[in-house]
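Chemist: Submitted below is the structure of interest, expressed as structure tokens.
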Amino acid sequence: MVYINRSKSQLLEEIQRLHTELAAIKLMTEKRTTELYISEERFSLAMRGANDGLWDWNLETDEVYYSPRWKSMLGYTENELDNNLSTWANLVHPDDKNGVLEKAHDYLAGRADSFEVEMRMRHKDGHEVYVLSRAFLVTRKSDNKPVRLVGTHVDITERKTTELFDSKSAEILEMIAIGRPASDIYDAIALMYEARHPGMRCSMLELEGNKLMHGGAPSLPKEYCDAVNGLEYGPSVGSCGTSTYTGKRVLVENIETDPKWKKIKHFALPHGMRCCWSEPISSSSGKILGAFGMYYNHPALPNEKELKDLNAAARLAGIVMERDQAQKRIRKLAYTDELTGLASRASFSQHIEEITKTSARHHHRFALLYIDLDDFKGINDSLGHDAGDLLLKTIAKRLVHTCREIDFIARVGGDEFCVLVEEVEDDYAANIAKRCLHAIAQPIEIYSRRLTPACSIGIAYFPDDGENLSALLKAGDTSLYKAKENGKNQYTFYKMELTQKAQYRFQVEQNLREAIEKQQLSLVYQPQIEVSTGNIFDFEALSRWHHPELGQIPPINFIATAEKIGMIKPLTEWVLRTACRQLVAWKKKGFHALRMAVNISPSLFLDKEFASLIKRIIEEVGITPTELELEVTESIVQTDPRNLSIFQDLKDLGVSIAIDDFGTGYSSFASLKHLKVDYLKIDKFFVDDMLIDEQALILISSMIEMGRKLGHEIIAEGVEKLEQLNILKNLGCEKVQGFLFSKPIRADAVSKLLLSYQHEMNKIA
Ligand code: C2E
Ligand code: CA
Ligand code: CA
């Protein structure tokens, strides 16, 4: 329409001009296309000559052309693989893929001037090929739009593995230099050679005497390593057993058929190993230290490169092995006491550092026993140093026999020894100290002279008396000094009261057996009252022990000891008999409708014979089973279901069962249900707190409610105040026991109490 106002000639002129322009453009485009074509052709030819692979990604159609060389680099023929991007995406290493794509996009978007990237690709047979890829962009001249990305692939595997190998070697040398553990270095050496020879698996064995011990073989199955570990070398013991025996390289092409493997091939064949080449590892002085083994899963002999590497690997492993063995020797020298063979002072210090750390972490307590011989100097001076040495050796042996294997014993000075023991139970350290005193004090004959050695022992606890080596040693030393000062031949704790406590407990322990055997204990009885009537319906028998020197010993101090020394059964038998006989005596006096409650330790309760013991006593004494109640703590509720039958036997017998100290353990009402419990004795702890702590009150109230709903009777223990009684009454508690009514009293006092009760009742009636 613009042309409307123009003249015809003007128009013709215009058309002419456009034609010429178009022709020029056409000419130019044709020329450029030909140029491009020629340059590509040339490029392709050049590529072929350079042995590089060529790829050509058409950005418009997303087709990718892969040249025959590109494919053969990865083990494929010209006709294999599709012409698309997925072909590449499937072959590139997944860890490298995104990085490569990112670089390609940066280049395409003009953010990068060039495209050059290294990546790993998977060869058809599975191994990795390192590829260097470079590319350039082809843009359309008319609109400058990128249309193709054309690039090359160069196989740089050789260079890359050499680079990797070199950096691995440097790493290993560094590991050797900084003294990393030999086993770590063996693994690193194996992995380095394995990376260099795909499919290869390596092992290092150390020769100890005539046995081959596992050194490192990170890629061999554990089962195989275990089977070979400890194998004796010989003229025909696989590849490594033979090479260490003969001192010569052994190349076995086929494990299946080689006579050297006849006896042990069944270890290797199931794991696929088919050939094994072994190079002896020797020290700088030529001593055989072990062997380096290379395995493949196919029969083969090594090529030149493999042979060279076998040799080099054995040399490298030799450096590590020689050094490691020297270090082990030095360590042994430094860490053992030459005379006694015990740990040395250095080893003791190191050990204590370690266990303070682990004990702190696990909140464990351990004791340091600092032992010093009494008057050792005198023996040394009068009998000579050889006699002194003999004595020290004997003492060391005695300590080893006395302590457990896990207790750490060291000789830390001339006649000083230290023992580290974990306090696994109360008085454990004191017990060991006692046993050491006893063991050391055994007479000994040295050069026809009979001696009776003695020692003093100081005991310090970690962390209570010291949290580190020096603090602990100081505390141990101080307590040792106290033991010497107190007259020698004894042990003393760093904290005075511990010594007294331990000694008291030992005295209790020593005297208890006799007291039980000679029936020197006595019983007191505490009434249990029915809240609704105020009547006494039951007495709980509680043991008492009065020792002529130690005085009154409370049951918490001797019941546990009785269990520890295996005396709880005779003790309980005595309590049961005495208490039941007492009940019979009261009945004879006219006090009827009473029952007797006896405390039973869980360990005895769970004894197979327990029910028959109860039956025997009941028959012997002549009470009815319903007159006896057994009090056990909640701990029996949690133990295994076999207890069910004990409960059943007791129920069949007709005795009642009460759960003592209820609420302090972890039993649930549900678990109680199976056990057919008659009474729950709510622990004094809750009764104490109910007036001051609302939560205790809530707990008591729910225990009573739940207990009653589930058919148990409730007894509240430790009732001391009227206020407590009233609340308990309101909450529905049926029975109570406590100082409010009566303390535990002797049998004669019980008679008086019962009489006064009878009197009261008569008055009411
Ligand atoms: P237990 O079975 O819980 O006995 C109750 C304890 O609480 C008794 O202490 C008793 O004197 C005390 N007690 C009772 N009412 C009150 C009170 O109102 N206030 C206070 N403060 N205390 C009260 P005891 O006699 O010292 O006995 C301690 C523990 O020793 C007993 O606890 C029981 O577990 C054990 N025991 C005592 N005699 C024997 C026995 O012959 N065999 C076994 N296996 N254990 C026994
Ligand atoms: Ca009790
Ligand atoms: Ca109790």
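Chemist: Stick to Cα atoms and the Kirkwood definition of Rh, then tell me Rg/Rh for region 161-325.
Modeler: Rounded to two decimals, Rg/Rh equals 0.94.
Chemist: Distance in nm between label sites at Lys305 and Glu78, each 7 Å beyond Cα in the beta-carbon direction?
Modeler: Using points 7 Å along Cα→Cβ, the separation is 2.9 nm.
Chemist: At 1.4 Å probe size, with no ligands or nucleic acids counted, give the accessible surface of Asp184 in Å², nearest ten.
Modeler: Around 60 Å² of this residue is reachable by solvent.
Chemist: So, in nm, how far is label Asn557 from label Ser142 when the simple model puts each one 7 Å beyond its Cα toward the Cβ?
Modeler: My value for the distance between the label points is 11.1 nm.
Chemist: Report the equivalent ellipsoid semi-axes for region 336-494 in whole Å, largest first, defined as the square roots of five times the eigenvalues of the gyration tensor built from alpha carbon atoms.
Modeler: So the three semi-axes of region 336-494 are 27, 16, 14 Å.
Chemist: Highest mean first, what order results for 171-179, 307-315 on Cβ atoms within 10 Å?
Modeler: 307-315, 171-179
Chemist: Enter the accessible area of Lys305 (Å², nearest 10), with the probe set to 1.4 Å and all protein chains included.
Modeler: Surface accessible to solvent at Lys305 totals approximately 90 Å².
Chemist: If we count every other residue with Cβ under 13 angstrom of Val400's Cβ, Lys/Arg +1 and Asp/Glu -1, where does the sum land?
Modeler: Combined, the nearby Lys, Arg, Asp and Glu give +3.
Chemist: If you line up the long axis of helix 496-517 against the longest principal axis of the chain, both from Cα atoms, how many degrees apart are they, to the nearest 10?
Modeler: 60
Chemist: Give me the percent of Cα-Cα pairs in region 445-575 that sit more than 23 Å apart, rounded to a whole number.
Modeler: 58
Chemist: By average Cβ neighbour count within 10 Å, what is the ranking of 232-240, 186-194 from highest down?
Modeler: Top to bottom by mean Cβ count within 10 Å: 186-194, 232-240.
Chemist: Along the positive direction of the dipole of the chain (beta-carbon charges: Lys, Arg +1; Asp, Glu -1; about the Cα centre), which of Leu630, Leu680, Ile715 reaches farthest?
Modeler: Leu630
Chemist: Kindly express, to the nearest 10 degrees and within the range 0 to 90, the angle between helix 157-177's C-alpha long axis and the longest C-alpha principal axis of the chain.
Modeler: Long axis of 157-177 versus the principal axis of the chain: about 30 degrees.
Chemist: Using only the alpha carbons, work out the radius of gyration and Dmax of region 185-238 in angstrom.
Modeler: 11.8, 34
Chemist: Please give, to one decimal in nm, the separation of the simple spin-label points placed at Ala109 and Lys743, each 7 Å out from Cα toward the Cβ.
Modeler: Distance between the two pseudo-spin positions: 9.1 nm.
Chemist: Same structure again: How many Å² of accessible area per residue for region 434-546, probe 1.4 Å?
Modeler: Accessible area per residue, region 434-546: 49 Å².
Chemist: A follow-up question, please. If you stretched the chain out fully between Asn58 and Thr452, how much longer would it get, using 0.36 nm times the residue separation minus the C-alpha to C-alpha distance?
Modeler: Length difference between fully extended and current span is 131.8 nm.
Chemist: Leaving out same-chain residues fewer than 8 places away, which aspartates and glutamates sit with a Cα under 14 Å from that of Lys673?
Modeler: Partners found: Glu634, Glu713.
Chemist: A follow-up question, please. To make sure I understand the rule: partners must be lysines, Cα under 19 Å from the Cα of Lys328, and not fewer than 8 residues away in the same chain. Which ones qualify?
Modeler: Leaving aside lysines fewer than 8 places away in the same chain, those within reach of Lys328 are Lys211, Lys287.
Chemist: If you line up the long axis of helix 8-50 against the longest principal axis of the chain, both from Cα atoms, how many degrees apart are they, to the nearest 10?
Modeler: That helix lies at roughly 60 degrees to the long axis.
Chemist: If we sort 266-273, 400-407, 533-540, 326-333 on the protection proxy, mean other Cβ atoms within 10 Å, highest first, what's the order?
Modeler: The packing order, highest mean first, is 533-540, 266-273, 400-407, 326-333.
Chemist: Computed over the Cα atoms of the chain, what is the ratio Rg over Rh, Rh following Kirkwood?
Modeler: Using only Cα positions, Rg/Rh for the chain is 1.24.
Chemist: I'd like the carbon and sulfur percentage of the solvent accessible area for the chain, probe radius 1.4 Å, heavy atoms only, ligands and nucleic acids excluded.
Modeler: 52
Chemist: What lysines could a cross-link reach from Lys397, if we take a straight Cα to Cα line under 21 Å and drop same-chain neighbours fewer than 8 places away?
Modeler: Lys332, Lys377, Lys434
The values are calculated or read from the model by the stated rules, or taken from the named source; none is laboratory data. All figures in this text were calculated on a predicted structure; none of them were measured in a lab. Note: ideal-geometry Cβ built from the backbone for every residue, glycine included; neighbour counts use all protein chains shown. What goes into the accessible areas is simple: the full protein's heavy atoms, side chains included, and nothing from ligands, DNA or RNA. Shrake-Rupley method; radii C 1.70, N 1.55, O 1.52, S 1.80 Å.
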